[in-house]
Amino acid sequence: GALLVSERIDREELCGALSPCSLSFEIVVENPLELYSGAVEIQDINDNDPVFPSSQARLEISESVAAGARFPLESAQDPDVGINSLQTYQLSTNPHFVLDVQTRVDGSKYAELVLEKELDREEQRELRLVLTALDGGSPPRSAQVQIHIDVVDANDNAPVFNQSTYKASVRENTPSGTLVARISAYDLDDGPNGHIVYSFSSHTPAKVRELFALDSATGELRVKGQLDYEETKLYEIYLQAKDKGAVPGVAHCKVLVEVVDVNDNAPEVTVTSVYSPVPEDAAPGTVVALLSVTDLDSHDNGLILVQVSDVNDNAPKSSQDSYDVYVLENNVPGIPILNVSATDPDLGRNAHLSYTLLQGDPTVGHIFSINRENGTLYLLTSLDHEDQVEFSMMVQVQDGGSPPLATNVSVSVFVTDLNDNAPTVLYPHPNTTATYTDVVAPGTPAGHMVTKVVAVDADGGYNAWISYTLLQATDPSLFSVGLHSGEIFTARQVREDEPPQHTLVILLKDHGEPVLSTSATVSISVAEMVKEVFTDLTDVAPANDPRRHVTFYLILAVILVSAAFFITMLSVGIFKCYKWRQSKELFNSSRSTLYRTPGPFHHIDAVRGGFTPPNFYHQVYLTTDSRQSDLLCKKPFTSSPLGSRQSTMRNGEPGLYHQIVGTAGRLPTPAE
């Protein structure tokens, strides 16, 4: 595996001025079969002296030339590269000239004589200088040239270029004679002293003179030889303009010519190794030959393009596996609420995605719709939080391949609540013509609960919190209402001289934004005996009530009802004792499920049981001000002109519900 040198290597012969200089090769290793590419970099040694084009140089300089004038000198050439190439110039000591060494774009050095002290032909007719070129080797190699300067009477106006640097670009392989640039200079002198001749500067390399031609009269620079981008990408050409005076004035300029690459090199396919013959039972994938492809062009012109056809081997991929969307209720139909985003790394039809709603729930298709092309989910109808809080659906994203591949994305839509429901009064019932009066006796102390306003709010959470305030009262000082419970208490002791009838207007407000409210009217009678209450109720009955003549039948009915009531109460008492024993055990085991707390309220759902009539099953919210289950029952008599009677029982055992049967036309018994 050792790589050996088979003959003497001359870097300058192989690569010329190119650096670094490298030779590429490929090695095939068998068993196992592998291909390696390698390169050998040829490093330079300082084995070449700098060389001037000639051993002598002659300059004619007018005595009128001002200090600071510059005169380019012929450059020395050193085929070595890097530090071993030409590095600097030195000038012999003299009183008039100094040497200015400059660097070209490609890194090469050239020297210019700079007039430091003006010349005087009468003092010195000619000067002889020695220019030494040095490379950077150790020890350095050098070359010298003799410079003979003739001082003559000068043409006092030298030509001037309209710009010091020209830039041009030309495509490689451009035909000979193609115009590259046109330089222009002017001279203020007349006659021969103002006639300008264009030429290459003395330090222009011979290679440039072979590739470009300059018209001495017009200043047109044209292509002369064959340009090759792969050989040189940029040419720096130095030109000069001379007049025809006795001592010609000279001006210098620079032209930068950029060579543009064209796709003039075909890819080269090299068969590195061929394995022949191939057995007829060779398995698919067996290596038959090793090939390498190269292209000398640059950038895109040097790429080999291999087209890979697409196979639908990637399912669509969503940016999220699931989406949670929150929508305010009472929305405008037809609004977009979500954009399901998915991507597919395949190409063409294999990457074309379509979006569909999977019909798991039939109601989803009537409420939601999705755009098949972009995955935008639309809401077709207005949602109601009180009707349904959450919708779940599945969106299928499918590509256009054959067979198609699909991905499912779950979407959950949550309907957020708005305060769009005012509190609803359950007791006293607002939609009845009957008059309900609660009774309080004179002498009742302060803090006694007389009755309770029961209300619910169909909204949820904070929007359903209800506060109760006393808006209007016959005597505002007599009664107060619990802020969160709706319970009406006596604010002071009830006196004997109180008005017999009190009407309270209770304002019920929720805590939504904006606040919604309603009101409830409560009638309370102040009476010593229940008989007085019945008298008051009879007085407020309509005067034209046709049932006022059926008193006799009512008394008879009351007697029969009382007898039946006694028997019923005895049966109910036995039954309740049995149920009470069971319900206490049930309550202890399920007490935590009877109360739910939306905010500061306790929530219970009335369960049908016992003898409670169907119209008493409501969902109510009880506040922290009332820890007991209070059920207000109203049962109007259809045949009584006295309307209806309400009674309130406070029961300390949650979960037990009682039925209160109203009486009319007689005094209540102690049991009642």
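The values are calculated or read from the model by the stated rules, or taken from the named source; none is laboratory data. Note that the coordinates shown come from a computational prediction; the quantities given were computed from them, not determined experimentally. Don't worry about glycine lacking a Cβ; one is built from the backbone with ideal geometry, like all the others, and counts go over all protein chains shown. Ligands, DNA and RNA are stripped out before the accessible areas are found, and what is left, the full protein with its side chains, is counted by its heavy atoms. Shrake-Rupley method; radii C 1.70, N 1.55, O 1.52, S 1.80 Å.
How many residues does the stretch 510-523 hold that are part of a strand (DSSP E or B) and either polar (S, T, N, Q) or open to solvent by 80 Å² or more (accessible area, probe 1.4 Å) (or both)? Walk me through how you get there before you give the answer.
Initial filter on the stretch 510-523 (part of a strand (DSSP E or B)): 510, 517-523.
Next, only the ones that are either polar (S, T, N, Q) or open to solvent by 80 Å² or more (accessible area, probe 1.4 Å) (or both) stay: 517-519, 521, 523.
Summing the residues that are part of a strand (DSSP E or B) and either polar (S, T, N, Q) or open to solvent by 80 Å² or more (accessible area, probe 1.4 Å) (or both) in the stretch 510-523 gives 5.
Residues Ser273, Ser292, Ser298, Ser309: which one is over 30 Å from Leu347 (Cβ atoms) and either surrounded by fewer than 11 Cβ atoms within 10 Å (Cβ to Cβ) or polar (S, T, N, Q) (or both)? If you could, list the steps in order and put the result at the bottom.
Numbers: Ser292 fails: over 30 Å from Leu347 (Cβ atoms); Ser298 fails: over 30 Å from Leu347 (Cβ atoms); Ser309 fails: over 30 Å from Leu347 (Cβ atoms).
Result of the check over Ser273, Ser292, Ser298, Ser309: Ser273.
Please work out which residue is surrounded by the most Cβ atoms within 10 Å (Cβ to Cβ), limiting yourself to the stretch 207-240 and to residues that are small (Gly, Ala, Ser) and out of contact with any Ser or Thr (no Cβ under 8 Å at 6 or more places or on another chain). Explain how you work it out, then say what you get.
Pass one, the stretch 207-240, residues small (Gly, Ala, Ser): 213, 216-217, 219, 225.
With out of contact with any Ser or Thr (no Cβ under 8 Å at 6 or more places or on another chain) added as a condition, the list becomes 213, 217.
Details: Ala213: 16, Ala217: 9.
Taking the candidates together, the pick is Ala213.
Could we say that His352 is in the same structural domain as Leu405 (by the TED database), touching a Gly at 6+ places or on another chain (Cβ under 8 Å) and open to solvent by 30 Å² or more (accessible area, probe 1.4 Å) here?
Details: in the same structural domain as Leu405 (by the TED database): yes; touching a Gly at 6+ places or on another chain (Cβ under 8 Å): yes; open to solvent by 30 Å² or more (accessible area, probe 1.4 Å): yes.
In short, yes.
Here are some conditions: (1) under 23 Å from Val65 (Cβ atoms); (2) outside any strand (DSSP E or B); (3) open to solvent by 20 Å² or more (accessible area, probe 1.4 Å). Thr204 meets all but one. Which one does it not meet?
Evaluating Thr204 over (1) under 23 Å from Val65 (Cβ atoms); (2) outside any strand (DSSP E or B); (3) open to solvent by 20 Å² or more (accessible area, probe 1.4 Å) leaves (3) as the failure.
Considering only the stretch 455-474, I want to know if a residue exists there that is open to solvent by 60 Å² or more (accessible area, probe 1.4 Å), among the small types (Gly, Ala, Ser) and not assigned by the TED database to the domain that holds Asp321.
yes
Just to be sure before I move on: is Val255 within 20 Å of Asp215 (Cα to Cα), at pLDDT 85 or above and not in a loop (DSSP other than H, G, I, E, B) in the structure I sent?
Working: within 20 Å of Asp215 (Cα to Cα): yes; at pLDDT 85 or above: yes; not in a loop (DSSP other than H, G, I, E, B): yes.
Taking the combined requirement at face value, the residue satisfies it.
Between a first residue in the stretch 452-479 that is free of Cβ contacts under 8 Å to residues at least 12 places away in the same chain and a second residue that is part of a loop (DSSP other than H, G, I, E, B), which pairs have beta carbons less than 9 Å apart while being 6 or more apart in sequence or on different chains?
Pro476/Ala491
Looking at the stretch 364-379, is at least one residue surrounded by 17 or more Cβ atoms within 10 Å (Cβ to Cβ) and in contact (Cβ under 8 Å) with a residue 60 or more places away in the chain? Give the derivation first.
So in the stretch 364-379, the residues surrounded by 17 or more Cβ atoms within 10 Å (Cβ to Cβ) come out as 364, 367-368, 370, 375, 377, 379.
From what is left, the residues that are in contact (Cβ under 8 Å) with a residue 60 or more places away in the chain are none.
There is no residue in the stretch 364-379 that is surrounded by 17 or more Cβ atoms within 10 Å (Cβ to Cβ) and in contact (Cβ under 8 Å) with a residue 60 or more places away in the chain.
Yes or no, residue by residue, for (1) more than 29 Å from the chain's Cα centre (by Cα); (2) of a type outside the set (S, T, N, Q); (3) open to solvent by 60 Å² or more (accessible area, probe 1.4 Å):
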site: Leu383; (1), (2), (3): yes, yes, no
site: Glu390; (1), (2), (3): no, yes, yes
site: Val395; (1), (2), (3): no, yes, no
site: Gly400; (1), (2), (3): no, yes, no
site: Thr407; (1), (2), (3): no, no, no
site: Val411; (1), (2), (3): no, yes, no
site: Asn419; (1), (2), (3): yes, no, no
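So Leu99 passes all but one of these: (1) modelled with pLDDT of 90 or more; (2) of a type in the set (A, V, I, L, M); (3) under 20 Å from Arg141 (Cβ atoms); (4) part of a loop (DSSP other than H, G, I, E, B). Which condition number does it fail?
(4)
Here's the yes/no breakdown for (1) assigned to a strand (DSSP E or B); (2) closer than 30 Å to Asp228 by Cα; (3) of a type in the set (D, E, K, R); (4) open to solvent by 20 Å² or more (accessible area, probe 1.4 Å):
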position	(1), (2), (3), (4)
Asn94	no, no, no, yes
Asp106	no, yes, yes, yes
Tyr110	yes, yes, no, no
Leu113	yes, no, no, no
Leu119	no, no, no, no
Glu122	no, no, yes, yes
Ile147	yes, no, no, no
Ala181	yes, yes, no, no
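State which residue pairs qualify: first residue more than 11 Å from Ile61 (Cα to Cα) and basic (Lys, Arg) and inside the stretch 108-119, second residue open to solvent by 10 Å² or more (accessible area, probe 1.4 Å) and outside any strand (DSSP E or B) in any location, beta carbons under 9 Å apart, and separation of 6 or more residues or different chains.
Note: pairs meeting the criteria are Lys109/Ser85; Lys117/Ala67; Lys117/Pro95; Lys117/His96.
Would you mind stating whether Pro284 is open to solvent by 40 Å² or more (accessible area, probe 1.4 Å), of a type outside the set (Asp, Glu) and assigned to a loop (DSSP other than H, G, I, E, B)? I'd like the intermediate steps shown before the answer.
Details: open to solvent by 40 Å² or more (accessible area, probe 1.4 Å): yes; of a type outside the set (Asp, Glu): yes; assigned to a loop (DSSP other than H, G, I, E, B): yes.
Answer is yes for this residue.
Exactly one of these conditions fails for Ser202: (1) among the hydroxyl-bearing types (Ser, Thr, Tyr); (2) in contact with a Pro (Cβ under 8 Å, 6 or more places away or on another chain); (3) without any contact (Cβ under 8 Å) to a residue 40 or more places away in the chain. Give me its number.
(3)
So Pro53 ticks every box in (1) closer than 16 Å to Ser202 by Cβ; (2) in contact with a Ser or Thr (Cβ under 9 Å, 6 or more places away or on another chain); (3) crowded, with 16+ Cβ neighbours inside 10 Å but one. Which box is left unticked?
(3)
Given the conditions (1) in the same structural domain as Gln124 (by the TED database); (2) of a type outside the set (Val, Ile, Thr); (3) more than 25 Å from Ser164 (Cα to Cα); (4) touching a Pro at 6+ places or on another chain (Cβ under 6 Å), which single one is not true for Ala76?
(3)
Name the pairs: first residue in the stretch 162-181 and without any contact (Cβ under 8 Å) to a residue 40 or more places away in the chain, second residue among the hydroxyl-bearing types (Ser, Thr, Tyr) and open to solvent by less than 80 Å² (accessible area, probe 1.4 Å), Cβ to Cβ under 9 Å, at least 6 apart or on different chains?
From the stretch 162-181, the pairs are Asn162/Ser184.
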